[in-house]
Amino acid sequence: MFQNNTLAGRHLLVTGGGSGLGLAMAKTFHALGARVAICGRNADKLNQAAPTIGEEVLALPCDVRNHEEVVALFDRLDEAWGGVDGLINNAAGNFLSASEDLSPNAFNAVVDIVLKGTFHCTLEFGKRLISRQRTGGNVLNIVTTYTETGSSFVLPSACAKAGVLAMTNSLAVEWSTYGIKLNAIAPGPFPTEGAWTRLMPDPSIEEAYKRSIPLGRYGHPDELANLAAFLLSPLSDYIQGGCITIDGGERLMAGQFNRFVPLMPRPMIKAAFNALKPKKD
Ligand code: HXC
Ligand code: NAP
């Protein structure tokens, strides 16, 4: 479905593009013809990542929590390319903690990156597009599957990502006037180093966790990158304010009898059901 020019002519900024899912997306966008810029706090990490993405990648250190740094980042992009027409808000912070143990600073550490960082970048991106009277442009926000349900042990992230989804939905209507598209992706579990070193405390938990995914496996970063490329391409022009889940079916496991599925092999389940069936004389 993609050609090597599907994203040709596009200029895309991936926040947190130096590692994990951001890096995978940057590689896919570049391979599909886009010019790609990545940002993050760690300059060494960005400089190592850039050549693995491809030629003419801009690696620009920027802490998205800091509004002035974000303004300077967009100034650099204006100088280099005359601006960007796509923003992928992927930078995030997260960790596991019982909520009663959180300090105000710990809550801020995540909310400042995820919610305020996304706000800083989205506002700067939108303001510049609007002032140039350009129509078009995409914002793609990477959220999580727990934006609606919430989740134990990741309270700051759950609050921040729910805010990012509200931002996506709000601006999807407000900025439609300017032809700006805003969508979100809600990933299930993708074992990146950044996520797994912070969120997977024990190998035994990991095994149980995997069994709770209907497709029986974690996601591959390329699968998410393909979805992101689709949402940035003209192939998805009529999707506005969407939040597409990519999680192997994990979010649906709340369905009451779904828990039978990973518990027993199918013949055993059928035998158990047959035993309950009224016998005919
Ligand atoms: C409790 C913690 C903590 C932890 C930090 N803090 N880690 N509290 N448990 N594990 C507290 C500190 O004690 C401090 O509070 C405050 O948070 C700030 O800590 P710093 O270390 O100074 O923060 P900072 O250097 O800004 O780092 C931000 C960070 C860090 C979020 C804490 O983890 C980070 O840089 N993360 C970036 C990458 C990342 O998180 N990737 C994962 C994304 S995965 P006090 O009160 O002591 O000062 C993801 C997946 C979701 O989002 C879904 C998965 C299925
Ligand atoms: P990751 O590799 O840790 O990615 C996070 C990136 O954000 C890093 O490159 C980090 O770089 C950057 N970052 C953090 N704070 C920043 C700041 N203040 N300013 C600029 N950049 C900052 O983890 P990942 O798994 O790929 O996560 C990518 C996205 O997917 C996140 O939005 C995450 O919430 C989402 N997600 C992931 C999963 C999963 O299972 N992996 C599931 C659901 C959602 P620096 O440290 O150099 O700044």
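Can you report the number of residues in region 48-77 which are more than 16 Å from ligand 2 (Cβ to nearest atom) and either among the β-branched types (Val, Ile, Thr) or touching a Lys or Arg at 6+ places or on another chain (Cβ under 7 Å) (or both)?
Total meeting the criteria: 1.
Just name the residue that is farthest from residue 181 (Cα to Cα) out of those in region 89-120 that are in contact with a Gly (Cβ under 7 Å, 6 or more places away or on another chain) and in contact (Cβ under 8 Å) with a residue 60 or more places away in the chain.
Here the residue is 92.
Looking only at region 139-157, which residues are crowded, with 22+ Cβ neighbours inside 10 Å and either more than 9 Å from ligand 1 (Cβ to nearest atom) or under 22 Å from residue 181 (Cβ atoms) (or both)?
The answer is 139, 140, 141, 142, 143, 144, 147.
For residue 23, indicate whether it is more than 17 Å from the chain's Cα centre (by Cα) and modelled with pLDDT of 95 or more.
no
So, in region 121-176, exactly how many residues are assigned to a helix (DSSP H, G or I), without any contact (Cβ under 8 Å) to a residue 40 or more places away in the chain and within 30 Å of residue 219 (Cα to Cα)?
The total comes to 5.
Which one of the conditions (1) closer than 23 Å to residue 130 by Cα; (2) away from ligand 1 (no atom under 16 Å from the Cβ); (3) among the basic types (Lys, Arg) does residue 116 fail to meet, given that it meets all the rest?
Failing condition for residue 116: (2).
Here are 85, 78: which of them is farther than 20 Å from residue 47 by Cα, touching a strand residue (DSSP E or B) at 6+ places or on another chain (Cβ under 9 Å) and among the charged types (D, E, K, R)?
85
Would you please name the residue that is farthest from ligand 2 (Cβ to nearest atom), looking only at residues in region 178-216 that are among the basic types (Lys, Arg) and at pLDDT 95 or above?
The residue in question is 181.
Being in contact (Cβ under 8 Å) with a residue 12 or more places away in the chain and part of a helix (DSSP H, G or I) is the filter here, so list the residues in region 193-209 that pass it.
193, 194, 195, 198, 199, 209
Looking at region 6-18, I want the residues that are more than 9 Å from ligand 2 (Cβ to nearest atom) and charged (D, E, K, R) and have a partner that is at pLDDT 95 or above and part of a loop (DSSP other than H, G, I, E, B) with Cβ atoms under 9 Å, at least 6 apart or on another chain. Which pairs are those?
10/32; 10/33; 10/34; 10/84; 10/85; 10/233
Just for region 89-105: of the residues that are surrounded by 15 or more Cβ atoms within 10 Å (Cβ to Cβ) and away from ligand 2 (no atom under 14 Å from the Cβ), which one is nearest to the chain's Cα centre (by Cα)?
97
Can you name the residue in region 210-230 that is assigned to a helix (DSSP H, G or I) and more than 30 Å from residue 5 (Cβ to Cβ) and, of all such residues, is farthest from the chain's Cα centre (by Cα)?
Top of the filtered list is 211.
Suppose we filter region 106-140 for residues that are hydrophobic (A, V, I, L, M, F, W, C) and either more than 16 Å from ligand 2 (Cβ to nearest atom) or closer than 20 Å to residue 232 by Cα (or both); how many remain?
Number satisfying all stated conditions: 8.
The values are calculated or read from the model by the stated rules, or taken from the named source; none is laboratory data. Note that this is a predicted model, so its numbers are computed, not measured. Here the Cβ is made from the backbone with ideal geometry for all residues, glycine too, and neighbour counts use every protein chain on show.
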